[in-house]
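Contents: one structure, followed by commentary.
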Amino acid sequence: MDECKRIALVTRDCAGVNAAIRSVVRTASQQGIEVLGSLKGYDGLIDDRFVTMNHRFVSGIITQGGTILKTSRCARFYTSEGQRQAVQTLQKNNIDAVVVIGGNGSLKGANVLFNDYDIPVIGIPATIDNDVHGVDLSIGADTAVNVALDALNKIRDTATSLERIFVVEVMGRKCGWIALQVALAGGCEEVLIPERQYTVDHMVKEIQTGVKQGKRSWIVVVAEGAGNAPDVAKKISTGTGLETRVTVLGHIQRGGHPTAVDRVLATRLGNYAIRLLKDGKNGVYVHQNDGKQGYLPLADVVESKSLDLSDYYSLLKQLT
Ligand code: F6P
């Protein structure tokens, strides 16, 4: 790539993405790089819809959840026609490189641009699921866990007062990371995650044993990809004869003010991505593992990283 003068910025939404946008824009402008924000994720690339972003444009956004650029799950970008249109837009606007902030889907799109169309691209992992291969923590994951934990703490008050069983569903279609963090931090009795086989019959037996020992309330966390919370609750009620209630936390986990951990991570990764681009590096996504910044090839992005969460799970059960 010749000297990088102008980049496009494509984003998904989760807490901390705006902090990353701010860092990208301000670092880029200090390096003499102009940033065009793509409106609505990959849709903006296809439809040639950009907003010019400068230092002032990103004032005050570090505290905000979501993405100020708006986003979409862009079905057209999965087609070669959509991809070609996006590449034409990039060429028409003299864009030298693209920065993509998002989860596995967005980063796979980034790899298509890089690998199939020779566009210089850098990815920044941002997903509440924390399931990007080779990345300790993605932007948004810490906030999601803290939001879910706050809700769980409140649910516990009722679970204890009324001696009920609560089944709480958290996000994570392919990955149980949020569920396990929340369950461990919330002192829960059980957690169902896609990475681990379970039977409700076994859980019913555990609850019956607990009842005999005088235990009166339970909180079971279910990752959305591991089962349907109302079904799980119904089976528990039928098996134990005890009252259950269900709470599905849903998208509250993806929004909200980012935690300090997410803001700092996003700020560092945004800055690092632009410094790499300026040094002529691309075709990679950045991370901060063991406190140190580094990068991996975009080709390494997978559907969802497989986590060995067995240690966490054993600890949860040990302390129940
Ligand atoms: O990947 C992030 C995530 O929030 C998942 O946890 C969840 O399964 C999915 O996105 C929900 O997607 P949508 O907002 O498109 O319904």
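The values are calculated or read from the model by the stated rules, or taken from the named source; none is laboratory data. Keep in mind it's a predicted model, so treat the numbers as computed, not measured. Note: ideal-geometry Cβ built from the backbone for every residue, glycine included; neighbour counts use all protein chains shown. Each accessible area value is taken on the protein alone, full model and side chains, heavy atoms only, with ligands, DNA and RNA left out. Shrake-Rupley method; radii C 1.70, N 1.55, O 1.52, S 1.80 Å.
In table form, for the structure just shown:
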quantity: Across K174/K281; K40/K108; K174/K292; K154/K317; K215/K317; K154/K215, pairs whose alpha-carbon gap is larger than 24 Å; calculated: K174/K281; K174/K292
quantity: Helix axis angle, 310-319 relative to the chain longest principal axis, alpha carbon, degrees; calculated: 30
quantity: Sequence-distant residues sharing a close amide H with A15 (under 5 Å, placed H); calculated: G66
quantity: Between 0 and 90°, nearest 10: helix 229-240 axis offset from the chain longest Cα axis; calculated: 10
quantity: Amide H contacts of C74 (H built 1.01 Å from N, under 5 Å, at least 5 apart or other chain); calculated: Y42
quantity: Cα centroid of segment 9-78 to Cα centroid of segment 150-192, whole Å; calculated: 33
quantity: Length released on extending from E163 to D311, taking residue separation times 0.36 nm less the Cα-Cα span; calculated: 50.4 nm
quantity: Environment charge of L107, counting only residues whose C-beta is closer than 13 Å and scoring Lys/Arg +1, Asp/Glu -1; calculated: -1
quantity: Antiparallel bridge percentage (DSSP; both residues within segment 158-306; nearest 5); calculated: 30
quantity: GluC sites (Glu not before Pro) restricted to segment 113-195 and DSSP loop, no more than 15 other C-beta within 10 Å; calculated: E163
quantity: Those lysines that a straight Cα-Cα span of less than 16 Å connects to K278, excepting residues fewer than 8 apart in one chain; calculated: K5
quantity: Segment 1-98: mean projected area of Cα convex hull, nm²; calculated: 6.0
quantity: Antiparallel %, DSSP beta bridges [both residues in the chain], to 5; calculated: 25
quantity: Placed amide H near L192: partners under 5 Å, 5+ positions off or other chain; calculated: V221, V222, A223
quantity: Heavy-atom surface of the chain, accessible at 1.4 Å and reported per residue (Å²); calculated: 44
quantity: Share of carbon and sulfur in the accessible heavy-atom surface of segment 48-129 [1.4 Å probe, %]; calculated: 46
quantity: Where the Cα pairs of segment 188-320 fall when distances are cut into 10 Å bins, in %; calculated: 9, 27, 27, 18, 13, 5, 1
quantity: Reciprocal mean inverse distance between Cα atoms of the chain - Kirkwood radius, Å; calculated: 20.6
quantity: Additional length obtainable on full extension of the chain from A299 to T238, 0.36 nm per residue less Cα span; calculated: 17.2 nm
quantity: Cα-based helix-to-principal-axis angle, 260-278 vs the chain, degrees rounded to 10; calculated: 30
quantity: Relative contact order (percent, whole number), the chain, Cα cutoff 8 Å, 6+ residue spacing; calculated: 24
